[in-house]
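The values are calculated or read from the model by the stated rules, or taken from the named source; none is laboratory data. Being a predicted model, the structure only gives us computed values, none of them experimental. Because the Cβ atoms are built from the backbone with ideal geometry, glycine has one as well, and the counts that use them run over all protein chains shown. The protein model used for the area step is the full one, side chains on, heavy atoms only, and it has no ligands, DNA or RNA in it. Shrake-Rupley method; radii C 1.70, N 1.55, O 1.52, S 1.80 Å.
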Amino acid sequence: MKGDIDDILGISQTKLGFFQEWQLNLRALKNAHYESERQRMANAAILEGITDAMMVLDENLRIISVNKVMEKLFPDRRCVGEYCYSLFTRAGTPCPECPAFLSLLHNTVNSASAIFQIDGRNMHFDMVASPLPGRPGGSKAVVMFKRDVTREKAMLAQIYQSEKMASIGTLAAGVAHEINNPLTAIAGFAEGIQRRIPRLRELAPDELTSDLAEYTETILQECNRCRDICQALVN
């Protein structure tokens, strides 16, 4: 009888131990799941906080996943499953200068800059691609970021144009000043000749003095025209 009770107690103790171990394993699994979910949510928040368009591509440059910024670039298309080059360039083959293609080929980080036509307008992107650790099955993958710098490039072009125009204005002012000096001298000498023409009429034939009067008048007219051009350059 005592032996039977001991057996029953032994079995009960074994079941209790098994139950306690199961509870510990369950608690550990719940903790692991919670930690995994917390990490997943943190990673998702980081990815969605990135302001660049982001794509993960497989070894064939087919899109595996994208972030919200990338989805907003192509609101009418499902990016996942498409080829990157087909989505951006409508081409049937990868672009040889594509940083993602080079990254997969050489297992290095690569960058490039390119202009793509999206939704009827040209958009300028700075791109960086980096290989990812090996995926299940040994397949390769690469992550690529595309930063929209269209507005920045346009502003830089405006600044460059403004600086160029300012330089041209400075150059024009300098040229106008240098031209005005000899023009003043030429006009002064032409006016001096004109003042002497009445005295020349007593010594030279009328034809000669008439020609001198005509020539000096033409010189003065052209000097005044050059002054107006210089003034327009300065203004």
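Out of curiosity, is residue 155 within 30 Å of residue 55 (Cα to Cα), in a helix (DSSP H, G or I) and modelled with pLDDT of 85 or more?
Details: within 30 Å of residue 55 (Cα to Cα): yes; in a helix (DSSP H, G or I): yes; modelled with pLDDT of 85 or more: yes.
Yes.
Could you tell me whether any residue of the range 184-199 is open to solvent by 70 Å² or more (accessible area, probe 1.4 Å) and among the hydroxyl-bearing types (Ser, Thr, Tyr)?
yes
Under the condition of being of a type in the set (S, T, N, Q) and surrounded by fewer than 12 Cβ atoms within 10 Å (Cβ to Cβ), which residue from the range 132-183 is farthest from the chain's Cα centre (by Cα)? Talk me through it step by step, then tell me what you get.
Quick first cut of the range 132-183, residues of a type in the set (S, T, N, Q) only: 139, 150, 158, 161-162, 167, 170, 180-181.
Then keep just the ones that are surrounded by fewer than 12 Cβ atoms within 10 Å (Cβ to Cβ); that gives 139, 158, 161-162, 167, 170, 181.
Numbers: 139: 31, 158: 14, 161: 17, 162: 20, 167: 26, 170: 30, 181: 47 Å.
Result: 181.
What number of residues within the range 117-131 are modelled with pLDDT under 90 and either closer than 18 Å to residue 147 by Cα or surrounded by 15 or more Cβ atoms within 10 Å (Cβ to Cβ) (or both)? Before you say what the answer is, go through the steps one by one.
Going through the range 117-131, the residues modelled with pLDDT under 90 turn out to be 117-121.
With either closer than 18 Å to residue 147 by Cα or surrounded by 15 or more Cβ atoms within 10 Å (Cβ to Cβ) (or both) added as a condition, the list becomes 117-119, 121.
Residues flagged as modelled with pLDDT under 90 and either closer than 18 Å to residue 147 by Cα or surrounded by 15 or more Cβ atoms within 10 Å (Cβ to Cβ) (or both) within the range 117-131 amount to 4.
Among the numbered conditions (1) assigned to a helix (DSSP H, G or I); (2) of a type in the set (A, V, I, L, M, F, W, C); (3) over 31 Å from the mean Cα position of the chain (by Cα), tell me where residue 203 comes up short.
Unmet condition: (1).
Find the residue count for the range 112-133, including only residues that are under 27 Å from residue 75 (Cβ atoms), out of contact with any Lys or Arg (no Cβ under 7 Å at 6 or more places or on another chain) and not aliphatic (A, V, I, L, M).
Residues flagged as under 27 Å from residue 75 (Cβ atoms), out of contact with any Lys or Arg (no Cβ under 7 Å at 6 or more places or on another chain) and not aliphatic (A, V, I, L, M) within the range 112-133 amount to 8.
Could you list, in sequence order, the residues of the range 91-116 that are at pLDDT 85 or above and not in a helix (DSSP H, G or I)?
Here is the first cut: in the range 91-116, the residues at pLDDT 85 or above are 98-116.
Of everything in the range 91-116, those that are at pLDDT 85 or above and not in a helix (DSSP H, G or I) turn out to be 98, 107, 108, 109, 110, 111, 112, 113, 114, 115, 116.
Mind counting the residues in the range 79-109 that are polar (S, T, N, Q) and crowded, with 18+ Cβ neighbours inside 10 Å? Walk me through how you get there before you give the answer.
The initial filter retains those residues of the range 79-109 that are polar (S, T, N, Q), namely 86, 89, 93, 103, 107-108.
Okay, now just the ones that are also crowded, with 18+ Cβ neighbours inside 10 Å, so 103.
Result for the range 79-109: 1.
Sort out which residues of the range 200-235 are of a type in the set (A, V, I, L, M), out of contact with any helix residue (DSSP H, G or I) (no Cβ under 7 Å at 6 or more places or on another chain) and open to solvent by 50 Å² or more (accessible area, probe 1.4 Å), and write them in order of number.
Let us first name the residues in the range 200-235 that are of a type in the set (A, V, I, L, M), namely 200, 203-204, 208, 212-213, 219-220, 229, 232-234.
Going one step further and asking which of them are out of contact with any helix residue (DSSP H, G or I) (no Cβ under 7 Å at 6 or more places or on another chain), we end up with 203-204, 208, 229, 232.
Of everything in the range 200-235, those that are of a type in the set (A, V, I, L, M), out of contact with any helix residue (DSSP H, G or I) (no Cβ under 7 Å at 6 or more places or on another chain) and open to solvent by 50 Å² or more (accessible area, probe 1.4 Å) turn out to be 203, 208, 229, 232.
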